[in-house]
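Bear in mind that the values in this text are calculations on the coordinates, not laboratory data. Treat the numbers as computed from the prediction; the structure is a model and nothing was measured. Every residue, glycine among them, receives a Cβ derived from its backbone with ideal geometry; neighbour counts consider all protein chains shown.
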Protein chains: 2
Amino acid sequence: MYRTHTCGELNLRHSGNEVTLSGWVQRSRDHGGMTFIDLRDRYGITQLVFDMETNGELCREARKLGREFVIRVEGTVRERSNKNPKMATGDIEIDVRMLWVLNASLLPPFTIEDETDGGEELRMKFRYLDLRRNKMKKNLELRHRMAGEIRKYLDKQSFIEIETPVMIKSTPEGARDFVVPSRMNQGEFYALPQSPQIFKQLLMVAGYDRYFQIVKCFRDEDLRADRQPEFTQVDCEMSFAGQEDVLNTFEGLAKHLFQEIKNIDFNGPFPRITFKDAMDRYGTDKPDIRFRMEITELKEFTRGHNFQVFDDAEYVGAICAENCAGYTRKQIDKLTDFVKRPQIGAKGMVWVKYNEDGTIKSSVDKFYDEAALHKWIGACGARQGDLVLIMAGERIATQEALSELRLEMGRQLDLVMEGDFAPLWVVDFPLFEWDQETGRFYAKHHPFTSPRPEDIALLDSDPASVRANAYDLVINGVEIGGGSVRIHNKDLQGKMFEKLGFTHEQAKEQFGFLMEAFRYGAPPHAGVAFGFDRWVAVFAGSDSIRDVIAFPKNNSGRDLMIDSPSSISHEQLQELRLKIDDTGNDK
Amino acid sequence: MYRTHTCGELNLRHSGNEVTLSGWVQRSRDHGGMTFIDLRDRYGITQLVFDMETNGELCREARKLGREFVIRVEGTVRERSNKNPKMATGDIEIDVRMLWVLNASLLPPFTIEDETDGGEELRMKFRYLDLRRNKMKKNLELRHRMAGEIRKYLDKQSFIEIETPVMIKSTPEGARDFVVPSRMNQGEFYALPQSPQIFKQLLMVAGYDRYFQIVKCFRDEDLRADRQPEFTQVDCEMSFAGQEDVLNTFEGLAKHLFQEIKNIDFNGPFPRITFKDAMDRYGTDKPDIRFRMEITELKEFTRGHNFQVFDDAEYVGAICAENCAGYTRKQIDKLTDFVKRPQIGAKGMVWVKYNEDGTIKSSVDKFYDEAALHKWIGACGARQGDLVLIMAGERIATQEALSELRLEMGRQLDLVMEGDFAPLWVVDFPLFEWDQETGRFYAKHHPFTSPRPEDIALLDSDPASVRANAYDLVINGVEIGGGSVRIHNKDLQGKMFEKLGFTHEQAKEQFGFLMEAFRYGAPPHAGVAFGFDRWVAVFAGSDSIRDVIAFPKNNSGRDLMIDSPSSISHEQLQELRLKIDDTGNDK
């Protein structure tokens, strides 16, 4: 037997017990005639003691053990003279009688501690060592518990988890598919699902009125910081349900998770905000409402002062940073640099200081007198001591820049309390998004999203203004999930495809089976999908989903540990009837 | 609101209540002045009544509804005059006041009933209709419940579910990999995992001593009846654990499932049998022990009678079919045809009838007198009235043929009670399997399986006789799962690769990261993986895993519903730098 107990469970009640433990050597200290070893496993750390006086040979063996050696020991639990109240096992130690080395270890390339000295790349290459760190262990345990609570809640609500296929069909709407060549059907390919969207709708047609699945999805995108080519989705769909049903059911899920995992009790309903309001007030469709500092539109107050920049701008907006009137020139310059970074791309920033003494100073004093500036200050609700920051330009782009500036000020002013959570629903998204480059509309959510019934008449006359029955759940400025009421009517679905520029043939080829299914009694249905990695990261207080994925890929889609992707054998290529085409030009 | 209740929950206690229901028209009957409609949803069927006398217009509307129309109704619950005790809702009906058609339906191509008239191909093409059938619904609900109980049990045992990646690296040992071309790393490929084997071993190195995952796995094999290119595995691994720990833990899991799902309480431990005994007694490593009819080796009793067939045979074995001495010539000929089928491939079959009156008659009377045949009968434990069936030839092939014959006799004689379950462990598998074609040893389980310590010395001298610390769980003749104690020692792992014919370089290229990981303190570990689809099928009493998979593929790996795999666009191929090679010869 390798162990009678784990390294996390022994305490004074076990005093005098003979125990066997197994684990890793976390650290080792020699104190005069004694050697102390911290033995670590998944459950904790237990102190082992070797006494040179009573058993010199064993103690000498113990002194040869390096960090991360795997050992098994037998000994007696005894009270520590020097207790450590911070550790669950801090009251006891093991007086070791026997020691076996189960496996040796080379010196790890970085320290296995809460704060490691390993860089990102090294940690990824030796992920199995990185995962030994307490922080990673806590994250993966959190992930496990969250998945468990999601399943528990949904099961109680009569949802049934149904596995949908991973090898499906390429549908080139949306992001790029990963494809899988078929050996048995040569020249043909499967695709990995970007989501089980079509299958869950087919399950609704099949009568499984409450479906969910925690499932891997795949997108062949150029990776940004918080994207992974494979990611996990909590995918859900309901029949005989509208937007209100979905929002209530999944607000219940979110509250259940807050309660069970974070021990936070949300009393009232989550706030709801329309997409338009979110853009106007926060400059983003995923506002972080843990702090206010809302955006104020100032265009009407800026006219008629011959300030060309504002007069030419479609939009002028401001945020008010409380108690920042004392910002130095240098601090303000830094903020200007911040908004001018290519990621944000603003041309500049105007500021107004409403000083403690009631005076006003601005970077546009030449154009606007104090009376004019007082109107801005009043609109923004600024008080003496506040700093108003203003940007102008094309509406959406400027709102987005103001949003980034708002978040930056939130960070600088420490407006967010650790452990604070602010969930909300964003609703009434536009149905379509115009793409300048291809000169056509794309589905903002996806092509199966239903327009709001009162906006259907606008589909032909003014598609850009049609609102969708679509909604997002946002927590702390992170889009945790989104969904929509689906179209269940064959004719309306056909109209959508037409508006999206599909010919009848294209629609039929790509989605024919769904259109066909809709001819056999499709119920009204609606659904939502949550980004599980993101949700876990938000609960873990982590900025990167890589911290909550056991074996993530890097920004080039590589797994540095197993060195993948990699070349495959000539025989494999031949069996698949594929050739690598190295004649093409670089794109 | 679409509904106040489901179609499965109303009873006499709701009499007089105003309710709203939504669902599908299962069937419709006109009785004089009344129209009765069975409304179906996932939860059951409720009878709707339309009365021509009180509301002629509505009744005429109802008569227009076709099968599988989706409707919503409002009405009053009332007691039925004609109760149906077989239905949960059989005491009541709905006196309908309002009716909305939510969606029409074409006439389905097959009937949506327990016994359908749809052939396999039609059912697959219209899977969303097939899934409306009660049997399929029960199967998917069973699957959901089994997954839930597996998670509940393992969570209680401190197992943590960790997701391992789906896009990994091709390791051409074992079955063929499905591969995924990488766009960002051109000319390189990911592979879909045949199992998370290597990742779960890395998780053990990382210290997650009890891991599990219910996970999709992929094998590009030529498909047989009960194979799918993607299938679901319950994948498990434990550290600081040996074979006994694994067997006890997962016998506990199996008992939990039997108890919770099938309401069967297994008192004692599951039987265990060695691979060798399983072959000798049942002719297979996955014996169905719901009935006995064990195989008896007869070689020693057949010598010296100049019967060339037996004298030349490496092996002679028999089964005893109780009370079958009365089998006619025709019945016996049919059995002979059965074992001569190419799938079994026996050359013939010898029979001995031990008649009710104590006389003996055999197909080899010319060579064996009654005294000789009595020895056979005695060895087989045959009693008066029994029929002994004998086959001879190469040992393994003949045992396997006898196994098929045994199963066929079990079916003919109805020896298996419906709802009967007989689990057992098969242990002590051989470590290697010799492959005639390539002239090398292959790992019987996989290359990471540990030999039994007492057999390590034989690795060089007699590899074929080395037994592995490997085990299978078998239920009703179906291999539900298998696993092994793993090698955690770098040197022993190196020796295994050598025996399997890997050069040092090949081993390093394919498994280098695992070998490397083993240098940093790998704990002793062992694991098991269960075929989830098969386990659900066995519990569902179904012969085919297709009956417990929502969207299976056919024997050519095609999904007939979505028509996949399919060709992809020229642009997609170009982005991946791939060319279809149509110059090759057919294989």
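Assorted remarks:
- Placing unit charges on the Cβ atoms only, positive for Lys and Arg and negative for Asp and Glu, gives segment B:1-150 a dipole magnitude near 380 debye about its Cα centre.
- Helix-only arithmetic for the protein assembly as shown: the sum of -39500 (n - 2.57) across DSSP H runs with n ≥ 4, divided by the residue total, places the mean residue ellipticity at 222 nm at -8500 deg cm²/dmol.
- Three-way shape label, segment B:80-158, alpha-carbon gyration tensor, a/c 1.5: oblate
- Rough spin-label spacing in nm, given labels placed 7 Å along Cα→Cβ, for A:Lys276 and B:Asp117: 5.5 nm
- Charge dipole of segment A:1-160 about the Cα centre (unit charges at C-beta), most positive-ward option of A:Ile150, A:Leu21, A:Asn84: A:Ile150
- For the protein assembly as shown: rounded, prolate or oblate by the Cα gyration tensor [a/c cutoff 1.5]: oblate
- Surrounding net charge for B:Arg452, when Lys and Arg each add one and Asp and Glu each subtract one, Cβ distance under 14 Å: -1
- Closest approach of a chain A beta carbon to the axis mapping chain A onto chain B (residue, whole Å): A:Lys579, 2.
- Residue among B:Met1, B:Gly512, B:Ala379 farthest towards the positive dipole end of chain B, charges placed on Cβ: B:Met1
- Relative exposure of B:Val70, A:Val101, judged by other C-beta atoms within 10 Å (fewest first): A:Val101, B:Val70
- Label distances, nm, B:Gly304 versus same residue in remaining copies, Cβ-directed 7 Å point: 12.8
- All other residues whose Cβ lies under 9 angstrom from that of B:Thr6 are scored, Lys and Arg at +1 and Asp and Glu at -1, for a net of -1.
- Per residue Cα convex hull volume in Å³ - calculated over chain A: 239 Å³
- The string of couplings for segment B:121-128 from the Karplus curve (6.51, -1.76, 1.60, θ = phi - 60°) is 5, 5, 5, 6, 5, 10, 4, 5 Hz, one whole number per residue in order, with x for Gly and Pro.
- Calculated FRET value between A:Asn82 and A:Asn267, using beta carbons and R₀ = 60 Å, to 0.05: 0.80
- Neighbour counts of C-beta atoms inside 10 Å place A:Lys579, A:Lys353 in the sequence A:Lys579, A:Lys353, starting with the fewest.
- Interchain or long-range residues, amide H under 5 Å from B:Gly481's placed H: B:Leu473, B:Gly531
- Segment A:12-103: relative contact order in percent, alpha carbon pairs under 8 Å with at least 6 residues between: 33 percent
- Relative contact order %, chain B, counting alpha carbon pairs below 8 Å whose residues are six or more apart: 13 percent
- Candidates B:Tyr354, B:Cys320, B:Leu407 compared by Cα position along the dipole of segment B:291-415: farthest toward the positive end lies B:Leu407, with charges placed on Cβ.
- Rounded FRET efficiency, nearest 0.05, which uses the C-beta distance separating B:Ile396 from B:Glu370 and R0 of 41 Å: 0.80
- Size of charge dipole - chain A - debye, nearest 20, with Cβ of Lys, Arg +1 and Asp, Glu -1, no other charges: 1060 debye
- Net charge over other residues, Cβ less than 10 angstrom from the Cβ of B:Leu560 (K, R count +1; D, E count -1): +1
- Position A:Ala175, label points 7 Å along Cα→Cβ, spacing to each other copy in nm (shortest first, one decimal): 2.8
- Shortest-first distances to equivalent copies, position B:Gly358, nm, label 7 Å out along Cβ: 13.1
- Separation in nanometres of the label points that stand 7 Å from Cα toward Cβ, at B:Arg227 and A:Lys138: 4.7 nm
- Cysteines in chain A that, by Cβ-Cβ distance, have no pairing candidate under 4.7 Å: A:Cys7, A:Cys59, A:Cys217, A:Cys236, A:Cys324
- Taking a ≥ b ≥ c as the square roots of the eigenvalues of the Cα gyration tensor, segment A:12-103 is rounded, since a/c falls below 1.5.
- Dipole check for segment B:291-415: with +1 at the C-beta of Lys and Arg, -1 at the C-beta of Asp and Glu, and the Cα centre as origin, the magnitude is about 240 Debye.
- A crude spin-label estimate for the pair A:Phe110 and A:Gln308, with each label 7 Å from Cα along the Cβ direction, gives 5.2 nm.
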